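In what follows, a structure is listed as structure tokens, so that the remarks can point back to it.
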Amino acid sequence: MIGRVLFICYANTCRTPAAFELAKLYAKRIGLEGVMFDSAGWHIAFDHAQPETIEYLKLKGVEMNDFRPKPITRELIEKQDLIIGMERYQLTKIRNKFKDMKESLKGKLYTLKEFNGAGKKDLNIPDPYKTGKKQYFEILEIVEKHVELLVQKVKKINQVT
């Protein structure tokens, strides 16, 4: 059973706030109950999500005025059933920083694309920071597509267990 899902990326201001909010939206739409979604980053540089993320989500009917980025901590990692990174290196960083948790992390670390079955050559979703609105929205569309698939997969997994 998957009860807690954490989305991680570099700064928790672009991709992961979008993934977090979209996961809640899609979970509600398909009736996935009892799953908590969260997001965090390695380097907290701002106290808000990026304007492009806020604008993209607003177009989806999601308001996120109270979002605040948060750092990845041991306590946050320990309570997750699934940890979803936007890029492989973020998962490697988890394994390296929390080496003593190696056994408890088995089967919990995936990139968003990997969790949905992407091949090894296409696992990363690039950081859109400072790329311009068009590129930013294209990347968030990829995040959204894969978050919707993740929510559907979690629902199926939870129905079996």
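A short reminder: the numbers here are calculations on the coordinates, not readings from a lab. Predicted model, so just to flag it, every value in this text is computed and none were measured. All Cβ positions, even for glycine, are placed from backbone atoms using ideal geometry, and neighbour counts span all protein chains on display.
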Margin query: Once R0 is set to 25 Å, what does the formula 1/(1 + (r/R0)^6) return for the Cβ-Cβ distance between LYS102 and LYS156, expressed as a FRET efficiency to the nearest 0.05?
Written below: 0.35
Note to self: Give me the one-decimal nm value for the distance between modelled label points at VAL62 and ASP81, 7 Å along each residue's Cα-to-Cβ direction.
What the structure shows: 2.0
Margin query: Given points 7 Å out from each Cα along the Cα-Cβ axis, report the THR92 to ILE30 separation in nanometres with one decimal.
Written below: 3.1
Next item on the list: Report the residues of segment 108-149 in range of a label on HIS43: point 7 Å along Cα→C-beta, backbone N strictly under 15 Å from it.
Entry: 127-131
Check: Under the Karplus relation 6.51 cos²θ - 1.76 cosθ + 1.60, θ = phi - 60°, what is the ordered set of whole-Hz ³J(HN,Hα) values for segment 38-43, x standing for Gly and Pro?
Finding: 8, 8, 7, x, 7, 10
Item checked: Ranked list, fewest to most other Cβ atoms within 10 Å of each Cβ, for HIS43, HIS146 -> HIS43, HIS146
Item checked: Residue pairs, from the table LYS28/LYS145; LYS113/LYS156; LYS93/LYS145; LYS28/LYS133; LYS70/LYS108, whose Cα atoms sit over 22 Å apart -> LYS93/LYS145; LYS28/LYS133
Notebook entry, point to check: When a footprinting reagent is the concern and you count Cβ atoms within 10 Å, what order do THR131, THR73, THR13 take, fewest first?
Noted result: THR73, THR131, THR13
Margin query: As a test of the formula, what do you get for the chain when each DSSP H run with n ≥ 4 contributes -39,500 (n - 2.57) and the sum is divided by the residue count, at 222 nm and rounded to the nearest 500 deg cm²/dmol?
Written below: -14000 deg cm²/dmol
